[in-house]
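See structure below.
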């Protein structure tokens with residue numbers, strides 16, 4: 001599997017014209033991966049003026065063509081009366097370049113750096129996931145994630161998650177308390193969708209039970225506490241899975 005090159009752009013370093021050009025470039029790529037959003041809606045999601053900080057990693061193949069992106073945003077919010085940091089992200093890779101974990105690694109590193117700089121501050125990742133592959137990527141690595149097939153989500157955490165989601169003005173779904181109407185629809189063939197529906201992977205089954213309408217752009221609200229213990233657990237699992245992939249590729 002050929003390696004991808006990448007560049008990281010900090011939104012605060014760009015002029016208005018540069019942001020507009022970046023929005024055009026990323027939306028053209030986004031449309032190959034997802035449907036459901038206009039350019040205006042996409043830019044509002046990805047180029048967050050109201051985030052404390054936004055960093056965007058753009059992935060390129062050997063020919064220098066952009067094949068994926070991962071935008072990570074940092075916000076100040078309140079968690080149960082205490083100031084905290086919330087990370088959110090949007091990411092997409094063309095099909096032939098998936099399975100490399102680059103987007104998850106970028107989000108993980110942003111959270112880890114934030115936690116190391118502010119060890120006593122509460123830090124969370126808040127996701128609204130529109131595909132089972134995204135949920136599996138996170139649930140497989142982090143020991144603690146809400147909701148999870150491994151544990152019930154306490155009522156006070158579910159309520160806090162909903163309040164955080166409300167603060168981002170993402171409309172709730174009438175189909176479940178942890179569902180949000182995102183509008184991002186992953187482009188996949190009927191055969192690919194059927195393969196997910198028939199999967200026996202326990203995290204896939206859990207995601208589909210929680211979010212059966214994901215193919216219509218409904219997102220499952222998730223929360224990952226970026227504690228040192230949870231981050232170290234995710235790092236260890238990431239290293240183990242990477243080693244397993246290397247052994248598989250080399251036979």
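A few notes on this one:
- If a spin label sat at a point 7 angstrom from the Cα of residue 144 along the line to its beta carbon, the backbone N atoms of segment 93-115 nearer than 18 Å would be those of 108, 111-115.
- Computed FRET value (nearest 0.05) for residue 52 with residue 198, which takes r as the C-beta separation and R₀ as 45 Å: 0.60
- Normalising the average separation of contacting C-alpha pairs (under 8 angstrom, six or more residues apart) by the number of residues puts the relative contact order of segment 151-251 at 27 percent.
- Fluctuation leader among 180, 117, 213 - the chain, Gaussian network, Cα springs under 10 angstrom: 117
- Cα gyration tensor, segment 119-233 - rounded (a/c under 1.5), prolate or oblate: oblate
- Comparing 152, 61, 211 in a Gaussian network model of the chain where C-alpha atoms under 10 Å apart are linked, the largest mean-square fluctuation is found at 152.
- Inverse mean reciprocal Cα-Cα distance (Kirkwood Rh) of segment 105-154, Å: 12.4 Å
- Whether the chain is rounded, prolate or oblate, judged on the alpha carbon gyration tensor where a/c under 1.5 counts as rounded: rounded
- Helix-only arithmetic for the chain: the sum of -39500 (n - 2.57) across DSSP H runs with n ≥ 4, divided by the residue total, places the mean residue ellipticity at 222 nm at -13000 deg cm²/dmol.
- Given R0 = 45 Å, the distance between the Cβ atoms of residue 83 and residue 191 translates into a calculated FRET efficiency of 0.40.
- Pairwise label distance in nanometres, residue 205 with residue 235, each label 7 Å out on the Cα-Cβ vector: 3.4 nm
- Listed residues 185, 157, 56, most fluctuating in the chain (Gaussian network, C-alpha, under 10 Å): 157
- Fewest neighbouring Cβ atoms within 10 Å first, the residues 40, 74 line up as 40, 74.
- Whether segment 127-168 is rounded, prolate or oblate, judged on the alpha carbon gyration tensor where a/c under 1.5 counts as rounded: oblate
- Under the simplified labelling scheme, the residue 98-residue 159 pair shows an inter-label distance of 3.8 nm, with each label point 7 Å from Cα along Cα→Cβ.
- Separation of the residue 169 and residue 117 label points, Cα + 7 Å toward Cβ, nm: 2.7 nm
Since every read-out is calculated from the coordinates, none of them should be taken as a lab result. Here the structure is a predicted model, which is why all the values come from computation and not from measurement. In this analysis, Cβ positions are derived from the backbone assuming ideal geometry, glycine residues included, and neighbour counts consider all displayed protein chains.
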